[in-house]
Amino acid sequence: AQIVQRICGVCPPAHATAASIALEKASGTAVPSNGRATRNLILGANYLQSHILHFYHLAGQDFIQGPDTAPFMPRYAKPDLRLPPAINAVGVDQYVEALEVRAVCHEMVALFGGRMPHVHGILAGGAAEIPTKEKLVEYAARFKKVRKFVEEKYLPVVYLVGSQYKDLGAFGQGYRNALCVGVFPLDDEGKEFVFKAGAYQDGKDMPFDVKRVTEDVKFSWFADSTSGKPFTKGENVLEVDKKGAYSFVKAPLYNGKPMEVGPLARMWVNNKPISPIGQKLFKEYFGLDVKNFRDMGEDLAFSLLGRHVARAEESYLMLDVVERFLKEVRPDEETFSMPVMKDSEGFGFTEAPRGSLMHFTKVRNGKIDNYQIVSATLWNCAPRNDTGMRGALEEALIGVPVPDIENPVNIARLIRAFDP
């Protein structure tokens with residue numbers, strides 16, 4: 001759990017969670033209920049931080065113009081900025097406030113994780129910290145500030161910005177395939193989740209089955225002899241001079257096809273309810289009656305704009321998720337059960353803020369013999385597969401309007417909407 005967290009500085013708790021689950025499955029370790037709730041509180045705070053980071057500090061500059069002095073300048077000579085001055089000023093103010101709110105989220109993670117990034121508090125067997133009443137009060141006090149920001153600023157401003165960029169709801173749909181592997185377990189057996197596992201492919205819902213996950217490498221810098229294998233049998237035989245290859249990312253496939261992962265995929269697969277704020281603003285700005293996520297329809301939901309809406313709406317859902325586990329966690333009760341490792345293997349599935357995360361470990365003679373990971377960005381940013389099908393993000397780029405080739409604003413916007 002410590003080593004794999006170094007894969008990402010934004011969502012290390014997700015890698016720690018997946019790694020811990022894999023080792024727990026391999027060793028047959030049952031995590032105490034309090035450990036499950038504590039881990040969910042760590043991951044929930046990280047979700048809120050990551051989503052706020054994405055809109056304001058990674059993608060926001062595609063829509064909001066900073067003043068000449070600070071905090072940012074346009075990325076292109078003609079950046080296609082359309083917000084009226086009054087709305088733009090709101091965006092700039094929130095950009096700065098969002099930095100502070102993210103710090104508060106990091107503090108929430110660190111209260112039970114020990115630090116952030118790269119937490120110590122998630123490990124095989126549960127959680128390292130037994131929450132005290134004092135720490136739970138500290139967490140809850142910080143959470144109130146985050147809730148206020150999401151409800152009053154982040155969620156409304158996404159719809160407000162969207163109302164000025166309605167054309168961004170018309171392109172970027174890609175394959176309209178979505179995958180979720182399940183996150184935020186509600187029971188100790190790992191059968192019920194806030195976001196249940198499932199897939200949506202070619203217009204049909206289907207259950208998630210790990211045996212359907214394979215990886216192609218025809219267009220990756222790996223030997224063709226390793227292509228088409230289940231991800232658990234993956235090999236990393238480098239071939240950096242391979243003709244036609246253009247990526248170190250393999251092409252993960254589900255049921256033989258590329259899939260999109262992330263907030264859009266989770267919200268679509270689970271058809272989650274839209275917030276009261278979102279229902280009101282959909283009606284006001286777009287004239288749409290949207291009560292559940294799929295009411296948006298495939299075209300809008302899988303668009304550039306739909307991906308931002310999905311992330312903001314998921315942030316609103318996370319408020320109730322965090323509240324739930326705050327009520328569930330028990331002060332001063334055990335959170336950890338010592339794993340006894342044996343020669344075995346185990347899967348660890350969870351969802352990072354930016355999408356599905358799969359870890360697989362094989363233990364032999366007391367050591368890790370094989371370790372394989374398929375992370376969110378590998379799904380979204382995959383190159384073509386062996387049959388030439390583009391990866392999810394590549395496909396979504398087809399047909400994106402670029403009125404000015406010197407300033408390909410929409411291409412950058414679409415890539416950032418995936419939060420790679």
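The values are calculated or read from the model by the stated rules, or taken from the named source; none is laboratory data. Owing to the predicted nature of the structure, the values given are computational and were not obtained by experimental measurement. Here the Cβ is made from the backbone with ideal geometry for all residues, glycine too, and neighbour counts use every protein chain on show. Please note that ligands, DNA and RNA were not included when accessible areas were found on the heavy atoms of the full protein model with its side chains. Shrake-Rupley method; radii C 1.70, N 1.55, O 1.52, S 1.80 Å.
Residues in segment 227-264 that are open to solvent by 10 Å² or more (accessible area, probe 1.4 Å) and among the hydroxyl-bearing types (Ser, Thr, Tyr): Ser227, Thr232, Tyr246, Ser247. Could you go through segment 325-348 and let me know if any residue there is part of a helix (DSSP H, G or I), open to solvent by 10 Å² or more (accessible area, probe 1.4 Å) and either without any contact (Cβ under 8 Å) to a residue 12 or more places away in the chain or touching a Pro at 6+ places or on another chain (Cβ under 6 Å) (or both). Among the residues of segment 325-348, at least one is part of a helix (DSSP H, G or I), open to solvent by 10 Å² or more (accessible area, probe 1.4 Å) and either without any contact (Cβ under 8 Å) to a residue 12 or more places away in the chain or touching a Pro at 6+ places or on another chain (Cβ under 6 Å) (or both), which makes the answer yes. So Tyr285 fits all but one of (1) within 27 Å of Lys362 (Cα to Cα); (2) touching a residue at least 40 places away in the same chain (Cβ under 8 Å); (3) open to solvent by 50 Å² or more (accessible area, probe 1.4 Å); what number is the exception? For Tyr285, the exception is condition (1).
Restricting segment 228-280 to residues that are acidic (Asp, Glu) and touching a helix residue (DSSP H, G or I) at 6+ places or on another chain (Cβ under 9 Å), the residue that is modelled with the lowest pLDDT is Glu235.
Highlighted here are the strands (runs of 3 or more DSSP E) found entirely within segment 141-196 that include at least 1 residues which are open to solvent by less than 10 Å² (accessible area, probe 1.4 Å) and within 23 Å of Val290 (Cβ to Cβ): 178-180, 193-195.
Any residue at all in segment 226-241 that's of a type in the set (Lys, Arg) and part of a helix (DSSP H, G or I)? Working first, answer last.
Looking only at segment 226-241, we keep the residues that are of a type in the set (Lys, Arg), and these are 229, 233.
When the remaining residues are screened for being part of a helix (DSSP H, G or I), the result is 233.
Within segment 226-241, one or more residues are of a type in the set (Lys, Arg) and part of a helix (DSSP H, G or I).
Would it be correct to say that Ile130 is touching a strand residue (DSSP E or B) at 6+ places or on another chain (Cβ under 9 Å), closer than 25 Å to Val329 by Cα and outside any helix (DSSP H, G or I)? Yes: the conditions hold for Ile130. In segment 366-379, the residues that are under 20 Å from Leu253 (Cα atoms) reach residues that are outside any strand (DSSP E or B) and at pLDDT 95 or above with C-beta atoms within less than 6 angstrom, at least six apart or across chains, in these pairs: Ala376/Val261; Ala376/Arg354; Leu378/Val249; Trp379/Met259; Trp379/Val261.
Starting from segment 95-108, take each residue that is closer than 19 Å to Ile42 by Cα and open to solvent by less than 70 Å² (accessible area, probe 1.4 Å) and list its partners that are hydrophobic (A, V, I, L, M, F, W, C) and not in a helix (DSSP H, G or I), counting only C-beta distances under 8 angstrom and pairs at least six apart or across chains. From segment 95-108, the pairs are His106/Met116.
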